[in-house]
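The next block holds one structure in the form of structure tokens; read it before the comments.
We did not get these values from a lab; they are worked out from the coordinates using the rules stated. Predicted model, so just to flag it, every value in this text is computed and none were measured. FYI the Cβ positions are ideal-geometry reconstructions off the backbone, even for glycines, and counts take in every protein chain you see.
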Amino acid sequence: MNVFVADKFESAGLDALKSAGFEVAYTPGLSGDELARSVEASKADVLIVRSTRVPANVIDKAPNLRLIVRAGSGVDTIDVPAATRRGVRVCNCPGQNSVAVAELTLGLMIALDRRIVDETEDLRQRVWNKKEYSKARGLKGRALGIVGLGRIGIEVAKRAAAFEMKLLYVDIVPRPDLEKSLGLRHVGMHELLRESDFITLHVPGGPKTHHLIGREELSLMKPTAFILNCSRGGIIDEQAMSEAVKAGRLGGAALDVYEVEPGASETEFRDPVVLTPRVYGTHHVGASTEQAQLAVAEETVRIVKAFHDEGQYLNCVNP
Ligand code: MLT
């Protein structure tokens, strides 16, 4: 069986695929027509991707393709309807990197409250300013609003509970079981926006959540509140958010994801939102810890083997 790996992938995962007897083509960094041509030429039965976009033309040009595995949890980079039309299954690795994303979220919350990035920048400019940076409000007792109580939202809640924060959440599926154990309160979106000192987003990307947090939602937030997005770009209206922070209508923000993200892992990045003071940014690395990437690679191999050995599609997302 031919497996085409189109993104950086743990060497342990590549070795496991080869040991299982698969023909592995490892070609990270391709996109567009070049990717379509290479996948076609490799006669791939299975395509493994992480950040690489898989549009319809890649799927249509690969006659042998049966399975696309997203080595991560979101599948918004893959044209799932096109895959479904062609009878190609799309599987993902949910949950394997949830703790990593939650850890970054908590790190960014503390960074925002303590203004760690600004402090570091000042120190690098040889400026000592204890007076300015002694105004953090602290996390204990503050309200954290979690938008989306899925796997990542739950990991965030567990860690924030240890910081003794008040936890609010919105989700279409209420979780009374967790409400008691973690001290969570299920609320409506407007209540969450009005009451939270920190808001963190953990919902899938795509048209249903596009600009879920727009001008109107931002206007309901406290002027001291912070918003964090470690889920998908486009869920926050970046321009409206940047304007709100600049105007002092919002305390600040931290983004790991952006409305337009580069496909390549090393390239120029020109999104103006990252130039906004009090907006901290990371490079879509929420899932990128060693332990999370190993877990994702193991799950990917498990999916490919189950397909080959038993004709099973684990974590299939096609409707
Ligand atoms: C995910 O969908 O699991 C993450 O965004 C993974 C990634 O960093 O590509």
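The table that follows gives values for the structure above.
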item	result
Met241, Met189 arranged by Cβ crowding within 10 Å, fewest neighbours leading	Met189, Met241
Excluding exposed DSSP-loop trypsin sites (Lys or Arg not before Pro) (at most 16 other C-beta within 10 Å), longest clean stretch of the chain	141-248
Contact order relative to length of the chain, as percent, for alpha carbon pairs under 8 angstrom and 6 or more apart	18
GNM top mover of Val296, Val156, Val274 - the chain, alpha-carbon springs below 10 Å	Val274
Length-normalised contact order for region 98-281 - Cα pairs under 8 Å, 6+ apart - percent	19
Alpha-carbon centroid distance for the pair region 21-80 / region 175-239, whole angstrom	33
Distance in nm between pseudo-label sites at Lys305 and Ser219 (7 Å out along the Cβ direction from Cα)	5.6
